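K.L.:
My questions all concern the structure below.
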Amino acid sequence: MGHKTIREIAVVWKDSKRPFVKQSTMAAYVLILENHILPTFGECDSLHEKIVQDYVLRKIENGLSVKSVKDILIVLKMVMKFGMKNEWMDYYEWDIKYPTSSTNKEVEVLSVANHKKVLNHIQNHFSFTGLGIYISLCTGLRIGEVCALKWSDINIMEGTITVNRTIERIYIIDGVQKHTKLVINTPKTQNSCREIPMTKELLAMMKPLKKVVNDDFYILTNDEYPTEPRTYRNYYTKLMEKLGIPKLKYHGLRHSFATRCIEAGCDYKTVSVLLGHSNISTTLDLYVHPNMEQKKRCIAKVFKSLGK
C-alpha cells in the first residue's frame, strides 16, 4: 500500500475518531492539528524521533508549556498509530526528553487570609454572580461546572451539590470556516459527575434562596440562560482587583480548595473524589508536596508506633 502524508491521514483519522469522543474533545484535537501539527508535519510521511524531539524543544523555546507540548504529541501519536494501522506509514517509537524547567511550577493558590477575605466579602455583599466564586472556593468546582449549575442541582435536605453538566465555548473548524459555539455537556470524565457536600455557611446561604427560585434557572444568572465561562472569568478578575488580591487564574480557586483540604489533613482519596479526578495520581501530582513539618510528623509517628 502506498504511503500517505500526515495531512492525508489526519483527514481519515478525524472521521474515524469523531463517533467515539465528545464534540468538545474533537474540537480540541482539530485545533491542535490545525495550529500545531499540520503546519510542521503536514507533508511528512514518516515521524522519526529526531524531528519530533527537535520540534518539542523549539515549541518550548517559543514559550509553550511542557503540558501543551505533551498534548500536541498525544494527538500526533494517535494520527501516526492510525496511519500505521492502515499501512500508510511506518511506526517509530519516540523517547522524548523535556528540558528540566529552572522554575519549579508551584500550584498557585490563595493564602488562607485571602481565601477567607473572598468568602466574607461575598457573604456580606450577596449577589448571584458572586455566589459562583463562593461555590468554587467551597467545593472546588471548575469554572465550566459552576456556570452550568442549576438550582435543581442543589439538594437542601442532603446538603449537597450535584455536578452533572459543564458549559464551554468550543472552536468548530469546518474546512476553511472557523466559528465558535457554546455547548452544554456532561463533565470532563465519568468521575467528574459527582456529589459534593456544602459547608455550613454555604448551606445557610442556599436554604432561603432555594425556597423562592425557579429550579430550572441557572444559579449565576438566576435566569433560564447561563453565563459563559469567559464572561464569568472577567467578572472574577474585576472582583479580585477590587479586593486587592494578587492575580490568580480562576482555576486557582479550585487549587485553593484542594490545598485547604490537604492542609487540613483530609485523606487524598477523598480529595480526589471531591475534585472529580479520574484517578488519584492526578491529585497527588498536583497537590501533595509534603513539607519538612509533615515529613517530621510522619517520621515521629513511625517511631511512636515502634514504641521507641
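The values are calculated or read from the model by the stated rules, or taken from the named source; none is laboratory data. Everything numeric here is computed off the predicted structure, so don't read it as measured data. So basically every Cβ, Gly included, is an ideal-geometry build from the backbone, and we count neighbours across all protein chains shown.
K.L.:
Take the range 208-231 and flag every residue that is assigned to a helix (DSSP H, G or I), under 18 Å from residue 169 (Cβ atoms) and without any contact (Cβ under 8 Å) to a residue 24 or more places away in the chain.
P.N.:
The one that is assigned to a helix (DSSP H, G or I), under 18 Å from residue 169 (Cβ atoms) and without any contact (Cβ under 8 Å) to a residue 24 or more places away in the chain: 231.
K.L.:
Of all residues in the range 108-136, which are under 14 Å from residue 250 (Cβ atoms) and surrounded by 15 or more Cβ atoms within 10 Å (Cβ to Cβ)?
P.N.:
Hits for the range 108-136 are 109, 110, 118, 129, 130, 132, 133, 134, 135, 136.
K.L.:
Here is a check on your reading of the model: is residue 170 exposed (fewer than 14 other Cβ atoms within 10 Å of the Cβ), modelled with pLDDT under 95 and touching a helix residue (DSSP H, G or I) at 6+ places or on another chain (Cβ under 9 Å)?
P.N.:
So residue 170 does not fit the description; no.
K.L.:
Could I ask something else about it? Considering (1) closer than 30 Å to residue 234 by Cβ; (2) over 21 Å from the mean Cα position of the chain (by Cα); (3) not assigned by TED's automatic domain parsing to the domain that holds residue 241; (4) not in a helix (DSSP H, G or I), say which one residue 59 fails and leave the rest.
P.N.:
(4)
K.L.:
Of all helices (runs of 4 or more DSSP H) completely enclosed by the range 244-308, which ones contain at least 3 residues that are at pLDDT below 90 and more than 26 Å from the chain's Cα centre (by Cα)?
P.N.:
292-305
K.L.:
Has the range 47-54 got any residue that is modelled with pLDDT of 90 or more, within 26 Å of the chain's Cα centre (by Cα), aliphatic (A, V, I, L, M) and in a helix (DSSP H, G or I)? Lay out the reasoning, then the answer.
P.N.:
Applying the first criterion (modelled with pLDDT of 90 or more) to the range 47-54 yields 47-54.
Okay, now just the ones that are also within 26 Å of the chain's Cα centre (by Cα), so none.
No; the residues of the range 47-54 include none that is modelled with pLDDT of 90 or more, within 26 Å of the chain's Cα centre (by Cα), aliphatic (A, V, I, L, M) and in a helix (DSSP H, G or I).
K.L.:
Follow-up question, since we're still on this one. If you go through the range 220-277 one residue at a time, how many are under 16 Å from residue 133 (Cβ atoms), buried (at least 19 other Cβ atoms within 10 Å of the Cβ) and among the hydroxyl-bearing types (Ser, Thr, Tyr)?
P.N.:
Count: 5.
K.L.:
Tally up the residues in the range 107-135 that are over 23 Å from residue 263 (Cα atoms), in a helix (DSSP H, G or I) and free of Cβ contacts under 8 Å to residues at least 60 places away in the same chain, please.
P.N.:
Result for the range 107-135: 2.
K.L.:
Look through the range 146-161, keep the residues that are in contact with a helix residue (DSSP H, G or I) (Cβ under 8 Å, 6 or more places away or on another chain) and in a helix (DSSP H, G or I), and return whichever of them is surrounded by the fewest Cβ atoms within 10 Å (Cβ to Cβ). Talk me through it step by step, then tell me what you get.
P.N.:
If we filter the range 146-161 for residues that are in contact with a helix residue (DSSP H, G or I) (Cβ under 8 Å, 6 or more places away or on another chain), which is where we start, we get 146-147, 149, 151, 154, 156, 159, 161.
Going one step further and asking which of them are in a helix (DSSP H, G or I), we end up with 146-147, 151.
Numbers: 146: 29, 147: 27, 151: 17.
The extreme case among them is 151.
K.L.:
So which of 210, 238 is under 18 Å from residue 143 (Cβ atoms) and among the basic types (Lys, Arg)? Before the answer, list the steps.
P.N.:
Working: 210 fails: under 18 Å from residue 143 (Cβ atoms).
Going through 210, 238 in turn, the sole match is 238.
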